[in-house]
1. Report, as a whole number in µm² per second, the diffusion coefficient that Stokes-Einstein gives for segment 1-153 at 25 °C and 0.890 mPa s using the Kirkwood radius over alpha carbon pairs.
2. With a 10 Å Cβ neighbour count serving as the proxy for reagent exposure, in which order, fewest first, do Asp114, Asp50 appear?
3. What order do you get for Val27, Val136 when you list them from fewest to most C-beta neighbours inside 10 Å?
4. Place a +1 charge on the Cβ of each Lys and Arg in the chain and a -1 charge on the Cβ of each Asp and Glu, then give the dipole magnitude about the Cα centre in debye, rounded to the nearest 20.
5. Just name one of Ala22, Ala120, Ala109: the one whose Cα is farthest towards the positive end of the charge dipole of the chain (beta-carbon charges, Lys/Arg +1, Asp/Glu -1).
6. Identify which of Glu60, Glu16, Glu93 has the largest mean-square fluctuation in a Gaussian network model of the chain, with springs joining Cα atoms closer than 10 Å.
7. Order of Ser139, Ser110 from fewest to most other C-beta atoms within 10 Å?
Amino acid sequence: MRAAALAWWRARTPREQRLLAAMLVLVLVLLAWLLVVRPLADALDFAQRDHAEAVAALAEARARAEAARPAPGEGPAAAPLPVDGFVSRTATEAGFAGARVAGQGPGQASVAIDAVRPQAFFAWVRLMERRGLAVVSLSARVNADRTLAVEATFRARRS
């Protein structure tokens, strides 16, 4: 096959050979552009967009954390008893309809949620802490859809 291609090339005039060589150079430049430069540029654009979203999310989280910080001299409220009813009610109010709450005595309750957005869940935990509950244990696993599967245990603080 190589001999046939070489014979075909030699049968071309010098002008045709130059035109064919120029065409091959242009095809190689086009392929390099399509297979190397464009994918790298797209990856860079995606990384910059992802970074900008992360910076905005960080700024929002810091602003929420600052807003949630208690005022000086403000102490935590006493949690209403029984804790399981309180946790169940606030979980429903926060939009965690699939929350499974189990009481562990009047002063302690555990909650399990299969899929919850991290921001919403940790804001709810902070609310629980402000209302007089302490987190005894917390376990969170990342789901495939960027949500968390969580199990947490809350206990009423002693006043």
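1. 116
2. Asp50, Asp114
3. Values: Val27 10, Val136 13.
The most exposed by this proxy come first: Val27, Val136.
4. So the dipole magnitude of the chain works out to roughly 520 debye.
5. In the chain, that residue is Ala22.
6. Its mean-square fluctuation being the largest, the pick is Glu16.
7. Lowest to highest Cβ neighbour count: Ser139, Ser110.
Read the figures in this text as sums done on the coordinates, not as results from a lab. Owing to the predicted nature of the structure, the values given are computational and were not obtained by experimental measurement. Counting neighbours? That spans all protein chains shown, and the Cβs are built from the backbone with ideal geometry, glycine included.
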